[in-house]
Structure formats: structure tokens, C-alpha cells
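Have a look at the structure below, then the notes.
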Amino acid sequence: MVSVDSIIGRNSLHRKVQRSLRIQKLRALGLIAPLFIFILISFVIPIGDMLFRSIENQLVSEVLPRTTEYLKSEQINEDWEPPNELFWHLYVDLAIAAEVKLHTRVGSRLNYEKTGISSLFRKSGRSIKRFGADDYRKALTDQIPELTSIDYWELLAEGTKYGYTRDTYNAWKKRLIENDDFSEKTKPSDFLFVVLANDIKSSGTTPSPDTILEEKLLPVISELPEIRFKELFLETDEDWAEPDVWDTIQLYSPSFTNGYYLNSADFKKGSDGPELRPENERLYVLIFSRTLFMSVTITMVCLLLGYPVAYFLANLPLKYANLFLILVLLPFWTSLLVRTSAWKVLLQNEGVINDVLVAIGLISNLERLELINNQTGTIIAMSHILLPFMILPLFSVMKTIHPSYVRAAKSLGATPWTAFRRVYFPQSIPGIGAGSILVFILSIGYYITPELVGGTTGTFISNRIAYHISSSLNWGLGAALGSILLAVVLALYWVYDRVVGIDNVKLG
Amino acid sequence: MKLTKLSTLVLGCIIIANSSQAIDLTVVSWGGAYSKSQINAYHNPFMELNPDVNIIHDESSYEAVAKLRAMREAGNLTWDLVDAVPSDAIRLCDEGLAMEVDVDEILEPAPDGTPASEDFGASLVSECFIPQIVYSTTLGFRTDVESWNGNEPDDVCDVFDLESFPGKRSLEKRPINNLEWALLCDGVAKEDIYDVLETEEGQNRALAKLDTIKDEVIWWSAGADTPQWLADGEVVFGSTYNGRFFALIEEAKQPVKILWDAQVFEYDGWIIPTGLPEDRLAAVLDLVRFATDTQRLADQAKYISYGPARTSSNALVGEHATLGIDMAPHMPGHPDNAYNVFYFNYDWWADYRDDLDAKFQAWLAN
């Protein structure tokens, strides 16, 4: 029989143990919390944010809401002609955007997809100020002087009658507030008067509480010349008549896009799904495959060069081994740029290696070897720079292989080659695995050395990513290329785990 | 008692320190000899006149566009004035990262009263751009090449002539300038070049012309590459900025000559980032007004062979500060040099840069 007390007692003991365990766990978590938070803030969040840009595309629909909404229902093909109403929406969108200079940002965004849109938007943003909106402002404010004050517009915007005016005014105000440009003294922009006039004209026939406004303004408005937006836009730039331009705006209206990824794979977003780019524009697949090929080659070269060195170091008496290890480590303590520049001096056409080869008569002066500004240059320089990352893991693994195993094999009748192949080599595989992964992953994302010695055929995908981040400002495409690179590395890591097994990797 | 005195003293010191608080301005430029010329001609004289302003130099202009954008996203603007090439200025202006300025309002007129906008003329390529210098990208060649049999190139198209002038060339690793030169040497008239380049056939035609020398070209991406390669004999013919050639020929005394034919005129200038607080903006405007007046722009030419962007400064260009050579004949705009100038179309390139760069890189990689 179990007494009630003992049950309570055991339960409370159980609880106590649990509580103290929980406290221990919390304490342990507390200890790693700083590191965890640091990694989250400085690593995971920024990288996630950057990768997110590869699909993000809100700008177009945010800045051109009316235009993109109208375009949604349009079927754009070669014979399609942009209707008048579309230009009216475009005018309102551009007028609001131009107040805070957002139109040029959309222009450069869309210019990545279709050349020419950047200046189209820049020009149009400038020319819409000359579309005659100031005449509307003058005529309307002559009748109702209060229209110059922002308070009057606030009242107008509260009313429900002029819906388009209200929405436009609010959108305009929101942009100015975002830009810290809005105060009670702000003057309403000229284009707002056109919008208001348009609203009054289209609703003027029905009786309404705003009759005073209408009575006063309608006669003036009907006398004002009508603004022919389509003509004016086409006068600014005839590209506005091209279906291609509108097609691009329509294709890039959704808030998220796969366009950057398609570009990274040498495809192009078309109205009937992805299309392969013309041959003279295909670039990224070639560079990706080249990056992989060079990284594998560099890893192999490092392995071939590093294995004997590590073997030699591991079998030297400790006194000498340390000395030689310093020679291996020495490049680590020299600046990367210095080492790369040194290779330039050695490898160039008039460089040391070619001079020596010519001097000893191995090659003639006219057939100097092309060792730099191509793939050879990148592979030579990077193999040298990454070699320590291969030697060190190999060395530390080989140190742990006891010499008696090989001796035992030999005493049992194995030739030196068999003893190496069947006994020594299998035991050094964890070092090969670790070294190869290190070298491969480091080289696949290398930037500075290929930039300096790679010329045109020896550059890596990271050089293109850097170009898009710092020069063309096409961060979306840069992010897409970066995500693909990351995915490729993770996929290769997975394959490696399957084939070799990640448990087989040892750093020492 | 003692304590009160001490604290009054400390408080007093703090107040004094605050009232004369210096403004730090971070001015971003390209580094090297160019930054030095700006420091000598603009920044040091300005700080002498305004002891409360302290100018901090930053050499990040080559990544200005990306950094300014990152600063906006982080909401922390640490730069006050940035030296930029027009193509970057246009991009920054489009992105809303550079401030639009009215040059007549913020800059000094010429000494004879000509308004700044007229004095600067064609160099005002964007609403955000405040020009400083005119430089040119042009070709240079070694004068001691044996296989040239004593001939010297005198035409830009000689760079495509591998028979008369064999040897390696160096050209910039970007489409800009190269495509223009290629079309020019393929028989397109100077004024038609951008119209031709707009078409697919025109672009292929330019690349086909470059194909004829592709195997003999080493592509540079840093302005120092060509001078270095010319000095090493790695190339015999190559393009770079005229100031780099000046340093190579006059300072390093290398056997190299400049070929001024079809030199491409380019500008360099300031942009003011958007979103500066009022006190810093006021100080920056003071600095810009001072640094772009007629005398200061002429002073800069004492230290580097780049021409002043103002017409009125040209007459004031004197001798080099240390070498003592007359600088006027080394300016890209000097009549002896500017006999055949190619004007770079910035607006056009702002549109076509991304597209043509992709095509050019694809051409290079294949």
C-alpha cells in the first residue's frame, strides 16, 4: 500500500527535481544567450534580409498604384494601344511620386528589365510640370482663394463626394509626411487642382451639398483647355506608345517576383512565362559553372600539393616539424593583397617566371606563356593562398596515425605502396575530407584574387555579385545570385555528407 | 567650498567647449594624388578661414553609391560631401540619395559676374551634380617599341591596327568608351555613335570591331593598371585617365606619350547627400561654395593635371606646385590637346549601362 503522504512527498520531490533542472537549463541558456543573440543580430537577420530582396518587388505597385491597377485587366500584345485613361492614371501617379522623387527610383528599378525606362521616367517626371496644371490652379484659386490653403483641402478630403480627389490628396499627403515635408504651410500641388476639376466636371450634373463650390468652379473649369495627357506624354517621349514598356510595368507590378531568379539563370520574364535570353546575353550559367569548375580544380591542386607536404611534416621529428610548419603558416601572416600582387609580378608576360624560362632557353621571347589574366592565373594564385587550409587539417590528422600500423603492415609482407594504400591512406581520409571542404567552400565565394588576376575568363560569380551590389545597385539580382550560390554550397555539402559522411571529417 | 569651485570650473569648461564646438565634416573622395590636390587646394585653405570646421577625409568614392544607399536603409548618414563621377551622381539623384541643387543659388558667380550655370556650362549633367574638374580617358603608348619601326600612332584607330602597331593593349573592363571608340574606328560618324549603339546591330558591330583585337587586350579595372603595365612593358598601348599619364611621363619619366586623338571628356564633382541636419548642411554649403569658386578650381590644377570645370578658371591655371612645369599644356581642354574630343553622353549611358554591361561581360567571358 502506498500512503497518501508518500505520494505527495514523491510528487513534491519530483517537482523539486524538475524545478532545479529547469533552473539549470535556463542558466545554461543564459550563458549562450549573448552568443546566440549576437549571431542572430549580426548574421542571421542581415543575411535573411539580403536574401529576401531577391523576391521583393513592392516598389512598382506602391509608387504607381493607379496605373498598375488599371493595367491588371489589360491584355497587352503587339497591337495593343495604351488608352487615354491609362495616361490619366499615370499622370496622377507620377505627379505624386515626383514630389518626393520616387518616380526615378521606379524608373531605375524597371530599367534593369527594359533599357530606356530610367530616362523615360526621369524625363516624364520633369515634363508633367509643364502639362498646364498651373493654369488650373490659377483659374480655380481666382474663384475660391481658400483653395491655396491646406486646411481647405483637409475639409475637402473629409467629404465623401469627390472620391478621386480625396484619395489622391491623401496619397500625396502621406508621401510628404513620409518625407518630413508636410506642415500646415505646405501649398497644395498644381496637379491636385486638375484632379479636383476633373472630379467636379464628372459629378457636376447631380445636385449635391457642395453646390457653392460647383456653382463657382464649373463655369471656369468648362472654359479651361482640356489637358490631353496621352498626347503630352507621347510628345515627351514616344516610347510611351510602345506596348513593351507597359508590358514591363505590368509584369513587375506584383509585390513579389521571380524575375531576379530568372535573370540569374539567363532567362527572362515574358508575358507567356519564362523565355531563354538571346545567346549574346547569357552570362550567369557560364560563370556559375566556371566558378564550380575552378573551385574543384583548386581543391584538387591543393590536395595534390598539400598531401605530400603534410605527410612530410607529420613524419619529421617535432623540432624540425615546427620549423617547417612556420613556413606553411607564414603566408597566413602576410596580407592577401600582397600575396596576390606578388603573383602578378611573377606571372605576367614580362614577369619573373617568363624571364627565367626565356633566359634558360626553354621558350623563345616571342612565345611567352600566358599565365595571368586568365583561369590559369586564378588557379595558381588561389591554390597558393588556400594551400595552408589543406595542409593543416591533413597534418593534424596524420599526426594521430601511429607509425606502428605501417610497420606492422610491412612486417606482414606488404610492399611500401600497399602499406600506404591499404593502411595509411584510409586513416588520412578524414583529413582529406576536412581540408577539401574548407578549401572548396572558401574558394567558391572568393572575390579579391580572381578580381586581380582573373582577367576575363578567370572571374568568379562573386565578382558579378559585387558588381551588382556596389555598381549597378541591382541588389535584387545580387541577392538572387548570392542565394543560388548558397543553395549550391548547401546542396554539395549534402551530397558530400551522403558520399563521404560528415562524421568522417576531422580537423585534428 | 573647494568642491563648489571645482564644479563651477568644470561646468565653465563644458560650456566653453560647447559654445565653440567644432563641426566635423566627412568628405569622401577617391584617395591618392587626387585627394591630395583637393586637400591642398580646397580643404586646408577652408579650414584656415573657418577654424570651427574640421574636415575628415574618407577614400570611399569608388563604392559611394552602395554605401549611401546602405546608410539610408540604416537611417544613419555619416557622410557630408561626396566626390562622384556623373554616372554615379545621376544614379544617386534618381535614387533620391543626392540633393538637387540650384547652382546659381549656391555657387559663386565668375569674377566678371557670369552666373555659375553659364560658367560651368556643359559640365552640369544632373540636377544633383556640382562639377569640379574635367578629365579625359585617353590612350597612351610606349615610344620605344622596336617592331613599330619608328612609327608612332597618331590616330585613335591605330589601337585597332595590329599590323602597323603590334603588341598588347590595355582597355577598360567596361563597355563605356570602348564601344564608342570601336564604332568610331568602324566608320561611324561621331555624332551618330549613340544612335547606332542603340540598335542591336550597332552593338554587335562595335563588339565585332573589338573582336579583332580581343586576343591582344588586357582589361583593366583600376586606373593605376595601365601606367603600371606600360612601365613594365606588359602592354605597349593602353587607355587610362590623363592625370595618370601625366604622373607616368612627367613624374616617373617613363618613355610614354599621350595620344590625345578622340580623348573622351569626362567630369568629376561633388554631390551633397540628402537628409543632412541643418548645421552640417550649412557648413557643407559653405565648403562647396568656397571649393568651387574660380580661384580654387584653378588652384587644384597646381597639384594634378585635371582641368577646372569652370571656363573662368582656365586663364588662372599656373605652374605645378613641386615640378614647376606650366600646367596649361597638360590640361585635356588645352587647344593643342582638344583638337578631336569625344563627348560622353551620360544620360544615354544611364539607360544603357546595365544592359550593355551584361552584353559586354557575356562577350568578354566567351
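Taken together, the values in this text are just the output of simple stated rules run on the coordinates, not laboratory data. All values reported here derive from a predicted model rather than from experimental measurement. Reconstructed Cβ throughout: ideal geometry from the backbone, glycine too, with neighbour counts over all protein chains shown.
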Inset, instruction - Can you bin region A:284-504 into rounded, prolate or oblate? Criterion: square roots of the alpha carbon gyration tensor eigenvalues sorted a ≥ b ≥ c, rounded for a/c under 1.5, prolate for a/b above b/c, oblate for the rest. - result: oblate
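Under a point-charge model restricted to the Cβ atoms of Lys and Arg (+1) and Asp and Glu (-1), what is the dipole moment magnitude of the protein assembly as shown relative to its Cα centre, in debye to the nearest 20? Don't jump to the answer; show the numbers that get you there.
Values: 75 positive and 114 negative charges, 1463 e Å.
For this selection, approximately 7020 debye.
For region A:156-259, state which trypsin sites (Lys or Arg not before Pro) are in a DSSP loop and have at most 16 other beta carbons lying within 10 Å of their beta carbon. Write out the running numbers ahead of the final one.
Numbers: sites: A:Lys161, A:Arg166, A:Lys173, A:Lys174, A:Arg175, A:Lys185, A:Lys201, A:Lys216, A:Arg228, A:Lys230; in loops: A:Lys161, A:Lys185, A:Arg228.
For trypsin sites (Lys or Arg not before Pro) across region A:156-259 that sit outside H, G, I, E and B with at most 16 neighbouring Cβ atoms in 10 Å, the list reads A:Lys161, A:Lys185, A:Arg228.
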Legend entry - Taking B:Ile133, A:Ile401, B:Ile23, A:Ile212 and counting other C-beta atoms within 10 Å, the order from fewest to most: A:Ile212, B:Ile23, A:Ile401, B:Ile133
Inset, instruction - Just tell me, in residue order, which DSSP H segments of chain B are both 30 angstrom or longer along the helix axis (alpha-carbon based) and at least -0.5 in mean Kyte-Doolittle hydropathy. - result: none
Legend entry - Amide H contacts under 5 Å for B:Leu81, placed H, 5+ residues apart: B:Thr26, B:Val28
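So how much slack lies between B:Glu251 and B:Thr311, counting 0.36 nm per residue of separation and subtracting their Cα-Cα distance, in nm?
On the way: separation 60, 0.36 × 60 = 21.60 nm, distance 2.73 nm.
Value of the extension gain: 18.9 nm.
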Inset, instruction - May I ask you to list the lysines whose Cα is less than 23 Å away from that of A:Lys16, ignoring any residue fewer than eight positions away on the same chain? - result: A:Lys25
Legend entry - ³J(HN,Hα) computed for each position of region A:456-473 - Karplus, 6.51 cos²θ - 1.76 cosθ + 1.60, integer Hz, glycine/proline x: 9, 9, x, 9, 9, 5, 4, 5, 6, 4, 4, 4, 6, 6, 9, 10, 7, 6
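Can you say what percent of the DSSP beta bridges in the protein assembly as shown, counting only those with both residues inside, are antiparallel? Round to 5. Each step should come with its number before you reach the end.
Working: 28 of 45 bridges.
Percentage antiparallel, nearest 5: 60.
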Legend entry - Inter-site label distance for B:Leu49 and A:Glu184 at 7 Å from Cα along Cβ, in nm: 4.1
Legend entry - Packing-based exposure ordering (other Cβ within 10 Å, fewest first) of B:Val156, A:Val309, B:Val28: A:Val309, B:Val156, B:Val28
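Take peptide A:110-116, look around each residue's Cβ out to 10 angstrom, count Cβ atoms belonging to other protein chains, and average those counts.
On the way: counts 0, 7, 3, 2, 2, 7, 5.
Other-chain Cβ atoms within 10 Å of each residue's Cβ, averaged: 4.
Based on DSSP H runs of at least 4 residues, each adding -39500 (n - 2.57), what is the mean residue ellipticity at 222 nm of the protein assembly as shown after dividing by all its residues, to the nearest 500 deg cm²/dmol?
Values: 41 runs with 481 residues, N = 874.
Value at 222 nm, helices only, nearest 500: -17000 deg cm²/dmol.
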Inset, instruction - Please report B:Cys157, A:Cys302 as a ranked list, fewest other C-beta atoms within 10 angstrom at the top and most at the bottom. - result: B:Cys157, A:Cys302
Legend entry - Relative contact order of region B:114-182, pairs being alpha-carbon contacts under 8 Å that are 6 or more residues apart, as %: 17
Inset, instruction - Write out the GluC sites (Glu not before Pro) in region A:121-198 meeting two conditions: DSSP loop, and at most 14 other Cβ atoms within 10 Å of their Cβ. - result: A:Glu184
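At a Förster radius of 22 Å, what calculated FRET efficiency corresponds to the Cβ-Cβ distance of A:Ile212 and A:Ala157, to the nearest 0.05?
On the way: r = 17 Å, r/R0 = 0.79.
Calculated value: 0.80.
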Inset, instruction - Count neighbours as other Cβ atoms within 10 Å of each site's Cβ, and list the GluC sites (Glu not before Pro) in region B:104-149 that are DSSP loop with at most 14 such neighbours. - result: none
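Of the listed pairs A:Lys114/B:Lys36; A:Lys114/A:Lys185; A:Lys101/B:Lys302; A:Lys269/B:Lys173, which have alpha-carbon separations greater than 30 Å here?
Details: A:Lys114/B:Lys36 41 Å; A:Lys114/A:Lys185 40 Å; A:Lys101/B:Lys302 39 Å; A:Lys269/B:Lys173 28 Å.
Exceeds cut-off: A:Lys114/B:Lys36; A:Lys114/A:Lys185; A:Lys101/B:Lys302.
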Inset, instruction - Report the local net charge at A:Arg137: Lys and Arg +1, Asp and Glu -1, summed over other residues whose C-beta lies under 10 Å from its C-beta. - result: -2
Legend entry - Listed residues A:Ala359, A:Asn84, A:Thr68: farthest to the positive end of the dipole of chain A (Cβ charges): A:Ala359
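If you take the square roots of the eigenvalues of the alpha-carbon gyration tensor of the protein assembly as shown and sort them as a ≥ b ≥ c, do you get rounded (a/c under 1.5), prolate (a/b over b/c) or oblate?
Working: a/c = 1.68, a/b = 1.25, b/c = 1.34.
Here the protein assembly as shown falls in the oblate category.
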Legend entry - Centre separation in Å (Cα based) which lies between region A:62-135 and region A:444-462: 40
